[in-house]
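A.B. asks: My questions all concern the structure below.
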Amino acid sequence: MKGMTLIVKKTTQLIAGMVFMYGIYIIVHGHLTPGGGFAGGVVIAGSFILLILAFGSDFLNLVKEESGSTLYENLAILVVLFLAVSGLLFGTRVFFLNWFPKGTVGQLVSAGMLPLYNIFVGIEVAASILTIFLALIIFKEEISE
Amino acid sequence: MIVYWLCFILFLVGLYGVITRRNLVKIAISLSIMEFSTFLFFALVGYIDGGVAPIVDPADPVKVYVDPLPQALVLTAIVIGLATTSMLMAVIIRLYRKYGTFDIREIKNLRG
Amino acid sequence: MELAISVIVGLMILGALYAIHAKDLLSAVIASGIVGYGLVICFLLLKAPDLAIVQIVVETITLIIMVAVVFDSSREESFSKPDTQGYVSAITAVFLIIVLFYFFKISVSALDVFGESTLRMAGPYIEGATEKTGSANLVTGVVFDFRGYDTLGEATVLVTAVLGVLTILRLKGKK
């Protein structure tokens with residue numbers, strides 16, 4: 001896949017960072033405002049897809065990126081599982097127990113473990129969707145060669 | 001009540017497409033239409049007149065909220081829907097490279 | 001509110017019908033975008049901003065993937081003459097639709113009138129949920145605290161779908 005023209009590339013360079021930051025904002029404020037791990041993860045994957053579409057495969061080493069995103073995806077789901085299991089160690093010993101101190105409602109650092117779940121589920125969703133997209137692109141390239 | 005009926009008709013349109021179309025891409029589109037109608041039905045069930053979005057403001061918490069449970073179910077289902085649709089697309093692109101057509105009837109004949 | 005949503009769902013039905021009957025596959029894919037983006041507006045009207053954020057990005061990515069599949073293939077769908085199998089499937093579709101209509105007519109009478117009341121389950125999830133989870137966003141509270149099992153299951157399905165895509169696309173086809 002070839003990249004697009006210079007204007008598209010420069011505009012994408014400007015925009016992709018902002019889209020990425022917006023995704024991180026949605027994830028981190030997931031327990032205060034609309035959003036959360038699923039929404040923010042999809043937005044982050046969208047920013048990477050924007051870069052790949054604009055720059056093409058000459059600029060990025062797609063196979064290497066795909067193995068990296070697969071790794072991140074699996075590590076993130078593992079961390080979510082460990083966080084869920086950690087509820088079995090404290091208090092009433094329930095799976096998915098929210099054993100962190102809750103804090104006051106409305107603060108950024110509050111709600112116990114929910115921000116942690118949000119962050120790792122966000123990484124997992126972003127890496128999954130990016131992996132699917134990269135797999136399709138690599139398959140198309142292999143066929144056309 | 002008419003909203004429920006329209007939502008159900010949207011589901012039936014998708015079902016009709018899945019059964020009668022022969023093109024694989026059309027079948028994938030019809031499946032995603034059925035999926036969307038299900039999401040819409042969940043969101044409709046949770047709605048209440050005069051309710052606000054389920055974000056609690058600690059300053060004045062006494063309000064009528066929309067039901068958060070169907071929204072939580074649909075939230076995960078949308079992302080799963082994207083993953084399954086792209087898996088379907090992967091199967092379709094694989095079949096197209098092998099047989100050179102999107103038509104399921106022709107693919108069945110070519111396999112013999 | 002019900003009228004506005006009805007109008008948008010009606011437009012979505014028209015878009016779905018066009019997407020199913022369009023001759024060019026690219027226009028069919030883009031017409032299916034009417035359904036997805038109409039759903040975003042419905043979510044906004046139904047006071048579900050979380051779902052609207054997810055759906056608008058997911059629909060865009062789905063369109064990109066579908067266009068990438070359709071773009072460099074034979075885009076014309078060949079409508080051949082209807083044969084026996086076509087008639088059989090059409091009759092099956094009509095029969096199924098009649099049966100489903102009957103069952104939906106029975107089951108819709110059990111639902112409350114639109115917008116009058118929510119499910120009984122909503123009470124325990126809203127009352128005191130903020131104290132229990134400490135989260136101002138009730139949807140996040142339900143997703144990760146009350147219904148954590150569900151979320152873990154869905155995340156597992158996501159991983160499985162990704163592994164499925166990688167397995168399908170990495171197979172070296174027989175020449």
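A.B. asks: If B:V64 passes every condition in (1) at pLDDT 85 or above; (2) more than 7 Å from chain C (Cβ to nearest Cβ) but one, which one does it miss?
C.D. replies: If we test B:V64 against (1) at pLDDT 85 or above; (2) more than 7 Å from chain C (Cβ to nearest Cβ), just (1) comes out false.
A.B. asks: Could I ask something else about it? Determine which single condition B:A53 fails, assuming it passes every other condition in (1) more than 7 Å from chain C (Cβ to nearest Cβ); (2) closer than 30 Å to A:I123 by Cα.
C.D. replies: The one condition B:A53 does not meet is (1).
A.B. asks: Quick check on this structure: which one of C:I5, C:I34, C:I13, C:I20 is of a type outside the set (D, E), surrounded by 16 or more Cβ atoms within 10 Å (Cβ to Cβ), in a helix (DSSP H, G or I) and in contact (Cβ under 8 Å) with a residue 40 or more places away in the chain?
C.D. replies: Residue meeting the stated conditions: C:I5.
A.B. asks: Here is a follow-up. Testing A:N98 on (1) without any contact (Cβ under 8 Å) to a residue 24 or more places away in the chain; (2) at the interface with chain C (Cβ under 7 Å from one of its Cβ atoms); (3) surrounded by fewer than 21 Cβ atoms within 10 Å (Cβ to Cβ), one condition comes back false. Which one is that?
C.D. replies: (3)
A.B. asks: Scan the stretch A:29-38 and give yes if some residue there is in a helix (DSSP H, G or I) and at the interface with another protein chain (Cβ under 9 Å from one of its Cβ atoms), otherwise no.
C.D. replies: Scanning the stretch A:29-38, I find at least one residue that is in a helix (DSSP H, G or I) and at the interface with another protein chain (Cβ under 9 Å from one of its Cβ atoms), so the answer is yes.
A.B. asks: Just checking, does the stretch A:51-74 include any residue being within 25 Å of C:I56 (Cα to Cα) and in contact with an Asp or Glu (Cβ under 6 Å, 6 or more places away or on another chain)?
C.D. replies: yes
A.B. asks: Residues in the stretch C:151-162: is at least one more than 22 Å from the chain's Cα centre (by Cα), surrounded by 15 or more Cβ atoms within 10 Å (Cβ to Cβ) and within 7 Å of another protein chain (Cβ to nearest Cβ)?
C.D. replies: We begin by selecting, within the stretch C:151-162, every residue more than 22 Å from the chain's Cα centre (by Cα); these are none.
Looking through the stretch C:151-162, none of the residues is more than 22 Å from the chain's Cα centre (by Cα), surrounded by 15 or more Cβ atoms within 10 Å (Cβ to Cβ) and within 7 Å of another protein chain (Cβ to nearest Cβ).
A.B. asks: Also: Of the conditions (1) over 16 Å from C:D145 (Cα atoms); (2) touching a Phe, Trp or Tyr at 6+ places or on another chain (Cβ under 9 Å); (3) of a type outside the set (D, E, K, R); (4) touching a residue at least 24 places away in the same chain (Cβ under 8 Å), A:G37 fails just one. Which one is it?
C.D. replies: Exception for A:G37: condition (1).
Yes/no per residue for (1) at the interface with chain C (Cβ under 10 Å from one of its Cβ atoms); (2) not in a loop (DSSP other than H, G, I, E, B):
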site: A:F55; (1), (2): no, yes
site: A:S69; (1), (2): yes, yes
site: A:E73; (1), (2): yes, yes
site: A:T104; (1), (2): yes, no
site: A:Q107; (1), (2): yes, no
site: A:I123; (1), (2): no, yes
site: A:I138; (1), (2): yes, yes
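A.B. asks: Another question, if that's okay. Quick test of your reading of the structure: B:V25 fulfils all but one of (1) facing chain C (nearest Cβ under 7 Å); (2) crowded, with 19+ Cβ neighbours inside 10 Å; (3) more than 23 Å from A:I132 (Cβ to Cβ). Name the failing condition by number.
C.D. replies: Result: B:V25 fails condition (3) only.
A.B. asks: Tell me, yes or no, whether the stretch A:89-97 has at least one residue that is at pLDDT 80 or above, of a type in the set (A, V, I, L, M) and either closer than 23 Å to C:L158 by Cα or part of a helix (DSSP H, G or I) (or both).
C.D. replies: To start, the set of residues in the stretch A:89-97 that are at pLDDT 80 or above comprises A:89.
Filter again for of a type in the set (A, V, I, L, M), leaving A:89.
Subsequent filtering for residues that are either closer than 23 Å to C:L158 by Cα or part of a helix (DSSP H, G or I) (or both) retains none.
Within the stretch A:89-97, none of the residues are at pLDDT 80 or above, of a type in the set (A, V, I, L, M) and either closer than 23 Å to C:L158 by Cα or part of a helix (DSSP H, G or I) (or both).
A.B. asks: Could you tell me whether C:V70 is within 14 Å of chain A (Cβ to nearest Cβ), assigned to a helix (DSSP H, G or I) and not hydroxyl-bearing (S, T, Y)?
C.D. replies: For C:V70, the condition - within 14 Å of chain A (Cβ to nearest Cβ), assigned to a helix (DSSP H, G or I) and not hydroxyl-bearing (S, T, Y) - is met.
A.B. asks: Here are some residues: B:V18, B:V64, B:V45, B:V13. Which one is surrounded by 22 or more Cβ atoms within 10 Å (Cβ to Cβ) and out of contact with any Phe, Trp or Tyr (no Cβ under 8 Å at 6 or more places or on another chain)?
C.D. replies: B:V13
The values are calculated or read from the model by the stated rules, or taken from the named source; none is laboratory data. Remember, predicted model here, so these are calculated numbers, not experimental data. Cβ: placed from backbone, ideal geometry, glycine included. Neighbour counts: every protein chain shown.
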